[in-house]
Every structure is written in structure tokens, then in C-alpha cells.
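Read the structure below first, then the notes.
The values are calculated or read from the model by the stated rules, or taken from the named source; none is laboratory data. All figures in this text were calculated on a predicted structure; none of them were measured in a lab. Virtual Cβ from ideal backbone geometry, glycine too; neighbours counted across all protein chains shown.
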Amino acid sequence: MRFAAMGELTASIAHEINQPLGAILANAEAAELLLQNGKAGTGQLREILADIRRDDLRAHEVIRRLRALLEKHEVRHEPMRLHSALADVLALLAPEAERRGVTLEQHFDALDDRLLGDAVQLQQVLMNLVLNAMDAMEQTAPGDRRVRITTAERGDALALSVADRGCGIDAAMHTTIFDSFVTTKARAWASGCRSCAPSSRLITDTSPWPRSPGAAPASPSRCRGALASRRPNQPARCRPPSKARHEGSARGDRAHR
Amino acid sequence: MKDQRAVIVHIVDDDDSMRVALARLLSAAGYEARTYASAGDFLIAADEPPSGCLLLDLHMPGPDGLALQEVLRRRGHHLPTVFLSGRGDIASSVRALKAGASDFLTKPVQAGVLLEAVRAALEADAPLRAERERRRLLLQRHSTLNERERVVLREVVQAR
């Protein structure tokens, strides 16, 4: 996990947890006040309790998603569902996107999202790609800040692409974009795509996607750069017993600056 | 519980459960709670000029709490305002307080703290509110005078 990313997200996530906690507290204290005044009706108290339970679960859900991302774990190649893994990350990123005025569009077009892979690492890659995409759009007009997350089936593979409307990647950088500390970011702390490349590699055993990063992106957005990695076919022994059609590639298209 | 003279607290918060919970709490404390899911909702639905106290969430989709505070100020509506924020960042709190907010609280907020902030905001506003009301009545009466009566009034004032 890119820990700098967590730093960026801390404020948003704290907000996401404080919201239900604040509601729980206000509800509990309202109930207390009603009981104190002798004005508590059973119906109202029951409503309050139901809301408290719902908000508690809501806070718990944020923490569950977060823990899944942050826990140390062995890399496992297991059957997983791509879309629910992605949706969890996007839910975590939503408040941060909102804070930055970025619209996250998800187009989960793959009909069969079963995959053999490591869900957590895939989530980490997505988180890094989306955060980078948002960084790349700081100069983009607020109404135009969109990140499009797409999944699609490509033959025997699943393709994941992240496209933004940011500044794009200079053609000169296409060969080095996976190296450490290669970045188009002006800020000194940026560590480059490399910060997400290792995890892409772990999941995907990266080899360059046949298409160069500068090739026209599949997405209609003005993404001019693409970060690509391809997951080679799984060895036969890793295939799930049923029908192994979904192991394919995890591929990230992204603009980066 | 809500007597006819209950003071109105306008709650503007985009989070549904927070809004409902705050309304319950303030009602239980004897206020008349009115809720709005956005700054726009408030501008459309609140009385003009709004009275009472404003409990305002800082971060909302669309115009945020600071934007609403600014619009009210431009329109000459002086509504004592308490900000509530899920992430208390210093820059926003400074802006809010400089623009006249009477308090800036971070969620989760304890009932005691919240109710005290609302009470203090209303109390600090009370003398100003009386003065505003007096001016409003005077202006209203003045507008009922005809041209001749206005001339007489001017002469009387100048002769004093």
C-alpha cells in the first residue's frame, strides 16, 4: 500500500467515520434527554435505536474496507470477484473524490467478473491509479474532472482501465513510466508510477502491454497516457476447477503527469 | 413540548442520519428543529428573512456551509450560525469565524457542547435581534407615510 496515499485519504476517511459516529452520539443523547423529560415514546425510542444500529454498521463497513487494504498479508491467488473488490475501493475513495470535485464514473462492463488473483493488491493498484488520476487533474476545470474506471472482457482476459482528463503523459516518458521515482508531478514527494508498479507486478507479473502507453485510449476521455501491465496466463494448476476463462490480464490505463 | 414561542434551529446537513439525529436532539431540548439537506434547500424553504439559529454542516456537495453563510451575509440576513464539521480543518474554521460564525464544532459533538453553542449563539444575537426588529418596524411604518407626511417628519427631525 502506498502509505502517502493513506495520508491523503485520512481526512476523508475520518469524515466518513465521524459522520455515523456523530449521528450515533446525537441519537443516544436525544434519547437520554427524552427519557429525562419523561417524553420518550416507545415508537420514537425504537426508531432511534434502529438508526443507531444502522449507523454503527455504516461505520463498521468503512473500517472493514480500510482494514482489508491495510493489513499485511501473503499474496494469494484465489478466486475473487473483480467488481466487488473495485467497488470497495471506490467507496473508500468517494469522499476524497468529492472533496476534490472529481466525479468517479464506473463502467463495469465485464459480464463475468470472476478472477483468479489477489483482491487486496488489485485494490491497492486501483487506489493508486485513481489517486494519481485525481492528482493529474488539479489543473483541469472543476466541471471536467472525471475519472472513468472501466472493466471489460478481452477474449480470455479481464481488462481494467482507469482514464482521467488530466495532463497526460509525455511521449518521452512512456518507456520509463514504470521505473522508480519517474514522475511528472512537480511536488518533490511524488514517487512516480513505480509506487503502484510493484504491486501491479506482483499481481500481474508485468510484461508490457502490447500497445504503447501513448496509443489512443479505449475510453472516450482525454486520457493521453496509459499505464499498462498484463497478466500472463495462469499456469494450468492455478486454474479454478470449474472453467478458467477469467484469469486474464489486469490492465491499467491512466494518465499521469 | 414545542410551545408556540419555541426558537427555530435550522439544521443544514447533507448526511441523512446526522440531520435526523440532530433534529431529534434539538427538539428534545425544546427547540423547533427544521432540516435541510443542502444549502439550496435552505434558501428555497426557509422563511425570508430566516429567524432563529443556523446549525450548518461545513462540507456538503454543491455549495458548502461557507458559501451559504456568505449568501446570507450578502442578503443582509443576520442569522447566528454554529458550524459543524466532520473534519475540522483550521483554514475553514478561521474563515467561518471571521465571517461571523459564533462557533465551530467538530463531529462527533456531545450534546452538552452543541446545546451550549446554540444557546450562546442565540444569546449573543438577542440584543442585535431586538435592534434589527426595531429598525424593521420603523422602516415599515415609514413606508406607510405619504409624501406630505414624510416632509413633515423631516421638518420635525430637523427642527429638533
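For A:Leu93, indicate whether it is of a type in the set (A, V, I, L, M), over 23 Å from A:Val62 (Cα atoms) and buried (at least 23 other Cβ atoms within 10 Å of the Cβ). Explain how you work it out, then say what you get.
On the way: of a type in the set (A, V, I, L, M): yes; over 23 Å from A:Val62 (Cα atoms): no; buried (at least 23 other Cβ atoms within 10 Å of the Cβ): yes.
No, not satisfied.
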Next item on the list: Give the stretch B:92-120 a look and list any residue that's more than 12 Å from chain A (Cβ to nearest Cβ), without any contact (Cβ under 8 Å) to a residue 40 or more places away in the chain and assigned to a helix (DSSP H, G or I), or say none.
Entry: B:Ser93, B:Val94, B:Arg95, B:Ala96, B:Leu97, B:Lys98, B:Glu116, B:Ala117, B:Arg119, B:Ala120
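Of all the helices (runs of 4 or more DSSP H) wholly in the stretch B:16-89, which have at least 2 residues that are within 14 Å of chain A (Cβ to nearest Cβ) and modelled with pLDDT under 95?
Hits in the stretch B:16-89: B:16-28, B:65-74.
Suppose we keep only residues that are hydrophobic (A, V, I, L, M, F, W, C) and in contact with a strand residue (DSSP E or B) (Cβ under 6 Å, 6 or more places away or on another chain) within the stretch B:1-15. Which one would you say is nearest to the other protein chains (Cβ to nearest Cβ)?
Here is the first cut: in the stretch B:1-15, the ones hydrophobic (A, V, I, L, M, F, W, C) are B:1, B:6-9, B:11-12.
Now drop any that are not in contact with a strand residue (DSSP E or B) (Cβ under 6 Å, 6 or more places away or on another chain), which leaves B:6, B:8-9, B:11-12.
Values: B:Ala6: 14, B:Ile8: 18, B:Val9: 13, B:Ile11: 10, B:Val12: 15 Å.
Ranking the candidates gives B:Ile11 first.
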Notebook entry, point to check: Scanning the stretch A:124-139 for residues that are surrounded by 23 or more Cβ atoms within 10 Å (Cβ to Cβ) and polar (S, T, N, Q), which turns out farthest from A:His83 (Cα to Cα)?
Noted result: A:Asn132
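Considering only the stretch B:9-67, how many residues are among the β-branched types (Val, Ile, Thr), under 25 Å from A:Ala59 (Cβ atoms) and in contact (Cβ under 8 Å) with a residue 24 or more places away in the chain? Talk me through it step by step, then tell me what you get.
If we filter the stretch B:9-67 for residues that are among the β-branched types (Val, Ile, Thr), which is where we start, we get B:9, B:11-12, B:20, B:35, B:44.
When the remaining residues are screened for being under 25 Å from A:Ala59 (Cβ atoms), the result is B:11-12, B:20, B:35.
Now drop any that are not in contact (Cβ under 8 Å) with a residue 24 or more places away in the chain, which leaves B:11-12, B:35.
Total meeting the criteria: 3.
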Notebook entry, point to check: Quick one: which helices (runs of 4 or more DSSP H) sit completely within the stretch A:1-99 and have at least 3 residues that are within 8 Å of another protein chain (Cβ to nearest Cβ) and out of contact with any helix residue (DSSP H, G or I) (no Cβ under 7 Å at 6 or more places or on another chain)?
Noted result: A:3-36
Next item on the list: Taking A:His83 as meeting all but one of (1) touching a residue at least 60 places away in the same chain (Cβ under 8 Å); (2) over 17 Å from the mean Cα position of the chain (by Cα), write down the number of the exception.
Entry: (2)
